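Heads up, the thing below is written out as structure tokens.
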Amino acid sequence: ALSMFGTTVGLYGIPWCKKSLLLTVLMSVIGASMGILDTGGNVLALNTWGAEAGPHMQALHFSFAVGAFVAPILAKMALGGSDSKDLPVAEKTNQSVLRSVPTASAASAASALKHHLGADFLWSYVVIGTYLLFVSFFFFILYSKGSSARDKSKACLQKCMFAKYHCALIILLFVFFFCYVGAEVTYGSYIFTFAKVFAEMKENEAAALNSVFWGAFAACRGVAIFCAACLYPGTMILLSITGSAVSSSLLAFFARYPASLWVGTAAYGASMATIFPSGISWVEQYTVVQGKSASLFVIGAALGEMCIPAVVGYLQGRFHHVPVVMYTAMGTSAATVILFPLMYKLATSPGESDLKEMSESEDRKALLSNSGLNEDEE
């Protein structure tokens, strides 16, 4: 609730900013609020549904994919009036002579154009901010009525046991999400440029290829809501990393062929869709996932989102004829294929309580077998 309210404050304030410093502060407030939402939302889903959180976790992250797919379309529709063809005739005429006639009339035309654009931006931010404010109030109401649920979740956490190698498991998941999210954002960011430069596609074809990636990504997350009800999270992760490894290898070696580029992009987007929510649901089966652990997952994902695209952009600028984007996708897929068996080995290794229960059961078996020798003592 607090994170959504902080995002609302930032969105309401941004259209009125006249100083870059104030704009930076408000953007930082929005970024911090979204980071809190990422962390708290996953933990809240785990605390609410426990072992049955798989479909709900997939639905939560499906909403992220839908928002990322729909928001740019809605923003373009809302700001469509800012194109020059939609401006009044007088404004279009004044706009064409702004460069050549720096007079008072030109200045007034620029002011009118700025006011026209600002109104569109203002309403876009106000509408989105109002929607988030409504959601924030809804969560505050849930919080005020959920004291018994909080007590229940605390009691559940006290009963649950940490895995034997809890810290090592969390660190490996940190690296796992670093590679996965970095690869996802890198491919989605650079596939348009790659299609134009390496595959020599037209601009509309490259844009369609980009839409295929994100469309397959969102569609597969929607399907995963129903698959999570009948498949274990570990099975979904195994299928996803296998699919991403095969599709990224296809892209790395045959990306110059249009057919393999289309098929590989769709398969890669579909394979990447379920890894993050399935990973959180999977680790919750073996150890307790609290706020600190979930925040490490989010930090690893954010660092991958920040660092890997920057490194790929730098290397692609240095080596123009090398498909760095595709090699990065293949390398990160190979890293996830190696990391998951290691994490599974650590997660399934018996802890001290399990070993103690095993030894006690063996003692009971031995006592029962020996008691048959002395029926009088029994």
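Structure notes:
- Residue within region 96-110 that is touching a helix residue (DSSP H, G or I) at 6+ places or on another chain (Cβ under 6 Å), at pLDDT below 50 and either assigned to a loop (DSSP other than H, G, I, E, B) or open to solvent by 70 Å² or more (accessible area, probe 1.4 Å) (or both) present: yes
- All positions within region 316-336 that are assigned to a helix (DSSP H, G or I), open to solvent by less than 60 Å² (accessible area, probe 1.4 Å) and either without any contact (Cβ under 8 Å) to a residue 12 or more places away in the chain or not hydroxyl-bearing (Ser, Thr, Tyr) (or both): 316, 317, 324, 325, 326, 329, 330, 331, 334, 335
- Among the residues of region 226-285, just one is among the aromatic types (Phe, Trp, Tyr), open to solvent by less than 20 Å² (accessible area, probe 1.4 Å) and modelled with pLDDT of 90 or more, namely 268.
- First in region 49-71 and in contact (Cβ under 8 Å) with a residue 12 or more places away in the chain, second anywhere and of a type in the set (Lys, Arg), Cβ under 7 Å, 6 or more apart: 58/221; 61/221; 62/221; 65/221
- Given (1) modelled with pLDDT of 80 or more; (2) open to solvent by less than 80 Å² (accessible area, probe 1.4 Å), number of the condition residue 46 does not satisfy: (1)
The values are calculated or read from the model by the stated rules, or taken from the named source; none is laboratory data. Remember, it's a predicted structure, so these values are computed and weren't measured experimentally. Glycine gets a Cβ as well: all are built from the backbone with ideal geometry, and neighbour counts include every protein chain shown. Remember, those area values only see protein heavy atoms, side chains included, never the ligands or the DNA or RNA. Shrake-Rupley method; radii C 1.70, N 1.55, O 1.52, S 1.80 Å.
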